[in-house]
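What follows is a single structure, written as C-alpha cells, with notes after it.
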Amino acid sequence: MTPAGEGEWRGLDRRTLLVTAAVLCGVAAGAGVPVAAGLAGSRPLWQAVGWVLAGAALLVGGGTAADYVRWRRTRYRIGPDRVDLHTGLLLLKRRSLARDRIRSVDLTANPLQRVLGLVKVRIGTGESTGGGESTLALELVTRAEGERLRRALLARPAAPEADPAHDGTLAVLDPRWIRYAPVSFVAPALGGAAAGAVMQVSEWFGAQAEVIDWIGDRFASVSLPWMIVDLVVLATLAGAVGALGLWVEMWWNHRLEREPGGTLRVRRGLLTARSVSLEERRLRGVELVEPLGVRLLGAARVDAVATGLTEDDDEKHTDLKALLPAVPRAVADRVAAEVLRAPVPPTSVPLTAHPRAARTRRLRWALLAVLLPAAVLALLGALLTPVLLYVAAGWTVVLTPLAVLLARDAYRSLGHALGGAYLVTRSGAVRRSTVALQRSGIIGWTVKQSYFQRRAGILTLTATTAAGEGAYDVLDAGEPEGLAFAAEAVPGLLTPFLVPAQTPEARSTEG
C-alpha cells in the first residue's frame, strides 16, 4: 500500500522553533541567576540584571535564528525505494537510506515536545557504522507524521509461519512492579550522586564549610563509625526515593506488543514518551537480568538479544534492548516465551550443573580479592602505623564471609542447557544473567582454557553471534561435557576440531 504523499519533499514542523526558543530561555535563566548574583557584588543590581538580560536576549535570539536556518533548509522524502534527507546552508548534506534496509523507526518526545504535539523520529538500518551513516534523525515532526512514517517504513508482510495468536499485546505495566525499583543498583548510585550534588552546589555558593559544620552538629553526640553508617543509610534512602521517581519516569505507560508483520514495539515513559520498534527478524534471543537485590525478591528484567541495537558510536541508546522492567520471574519467563514464539520458556529449562572445580576456582579468586589487599594493609601497618593493622583485620573479618557467600552463589548460578531451538547459559552472582540464544544465530565457538583450568579439567566456551554483546560465555564447564554440548548445540560447527574418543579395544589394538 502506497502511503499518501509518498515521494513528496516535506519539511520539519514550524513549532520546532518554539522548542528551541523555550530550551534556550531555560538555559539563559539557569545561567543568568548565578551570573547576576555575582555581578551584583561589584555594580548596582539594575546594571547586573541589564547585562544578564542582554546576554540572554542575544543567546535566545541567535540560537533561534540559527535553528530557523536549519528548519528552512531541512527537507525529507519517503520514496518508493529510498528515504532521503537534505539539510545544511553553505555545506549541503544529503543522506539516503534504502527502505528495504530500514530496521527501526523510534519516536521520542520530551515534556515540552509532547505539549506541542511533536516527536523526534530516528530511522535506522540496524548497522553499526561510524559517523551516523546508518541513521536519519528528523527533529521535529508532528506526532501524526511520526506515526505515519513508522507505519510506512516498517510495514512488512506477515511471515507464512507466523502465528497470529502471538500478535497483539504481550505485556502491560503492573504498578506493583515498582516495588523492585529501590533494590536495584540505581538506588545507591543515585544516593551517592545526591550527596555529591549537595557538596558541589554548596561549593559553588561558597557554603561547603557551613554544610559540613551543620552535618557535624547533627552528629556531635555520635561516634565516627556510627555517623558514617547513618550517612550511608540516609544516602541509601534518598537513592531509593530517586530510584522510585526514575522508575516512574522510565516505565510508566509501558506496553509491549507485537504488530502484524512481526515488529515488536515498546512504548513507555511518563514525561518523556518513547516508542522503540524492533523488527522480529533481528531478534536472536532474550536475556533475563537479575541484579542481586532484584533476584532476592524473585524478579528479573527482560532484554532483547538482537542485531543492530546500537546504530551510532556517538549516540548509544543503552535502553533500546529493554523489553520489560524488573518483574516477577514467572512473568519474565512467560513474556520471554511470547517474544520468542516458543511453546515453553527456554529461560526456565533445567540447567546442567558445572563441576566442583568451578566452585573451587571461584572461592580461590574471592579469597584472593580479600586477602591480598589485607596483606598489603598489614605490611604498611607494620612499616608505618599500627592503625592499618586494625584496618586490615577489620577488612578480613568483614569481607571474607561475604566473599565466600558470593563465590558459592556464583557457582550455584552456573549452568547451561539446550532448550529446543535455543542455547541457554547462566552465570553471575551480583548480576546474574540467563541468556537464551538462537542456536541458528551462533556463527562460531571460541574455546578458552587457562593453565589452571586445564589442570582442573574445565574450560570456557564462548558462543559468537552477530547480536547483542556479540559473544556469550559458558563459564568453567567440564571439558568433555562442554565440548559435547557445543557440538550438539550447533551440529557440524565444532565437530571437525574434536578428537574422537577411543574405545579400550582400539587402544589395545594400537598397542
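Counting only residues at least eight positions apart within a chain, or on another chain, the lysines with an alpha carbon under 24 Å from that of K321 are K120.
Taking the three principal axes of the alpha carbon atoms in the stretch 321-392, the coordinate ranges are 65, 31, 19 Å, sorted in descending order. In this structure the chain gives 53 Å² per residue of accessible area when probed at 1.4 Å with all protein chains present. Extension gain for A54 to Q449 (0.36 nm times residue separation, less C-alpha to C-alpha distance): 135.4 nm. Exposed loop sites were defined as trypsin sites (Lys or Arg not before Pro) in DSSP loop states (anything but H, G, I, E or B) carrying at most 11 other C-beta atoms within 10 Å; in the chain the longest segment without such a site runs 15-315. Overall form of the stretch 353-402: prolate. Here a/c, set by the Cα gyration tensor axes a ≥ b ≥ c, is 1.5 or more, and a/b is the larger of a/b and b/c.
On full extension, the segment bounded by E481 and L246 gains 80.2 nm, given 0.36 nm per residue less the C-alpha separation. The residue list Q113, V424, A197 was ranked by how far each Cα lies along the charge dipole of the chain toward its positive end, using unit charges on Cβ atoms, and Q113 comes out on top. For the stretch 77-118, taking Cα atoms only, Rg and Dmax work out to 14.1, 34 Å respectively. Membrane-span-like helices in the chain: DSSP H runs reaching 30 Å or more (Cα, own axis), mean Kyte hydropathy at least -0.5? Helices meeting the span and hydropathy rule in the chain are 16-39, 45-73, 224-251, 356-383, 387-413. Here the chain has 65 percent of its accessible surface on carbon and sulfur atoms, given a 1.4 Å probe and all protein chains in place. Taking only the alpha-carbon positions of the chain and ignoring solvent, what does the Debye formula give for the base-10 log of I(q)/I(0) at q = 0.06, 0.09, 0.12, 0.13 Å⁻¹? Debye output, listed in q order: -0.43, -0.90, -1.26, -1.34. Cα centroids of the stretch 403-476 and the stretch 233-263: 29 Å apart. On full extension, the segment bounded by R94 and V35 gains 17.1 nm, given 0.36 nm per residue less the C-alpha separation.
Judged by the ratio a/c of the largest to the smallest principal axis of the C-alpha gyration tensor, the stretch 260-415 counts as prolate, that ratio being 1.5 or greater while a/b is larger than b/c.
Give the residue list of chymotrypsin sites (Phe, Trp or Tyr not before Pro) in the stretch 173-242 that are DSSP loop and have at most 10 other beta-carbon atoms within 10 angstrom.
Passing both the DSSP loop test and the Cβ count: no residue.
The values are calculated or read from the model by the stated rules, or taken from the named source; none is laboratory data. Bear in mind the structure is a predicted one, so any value in this text is a computation, not a measurement. Virtual Cβ from ideal backbone geometry, glycine too; neighbours counted across all protein chains shown. Just so you know, the surface numbers come from the protein's heavy atoms only, side chains and all, with ligands and any DNA or RNA stripped out. Shrake-Rupley method; radii C 1.70, N 1.55, O 1.52, S 1.80 Å.
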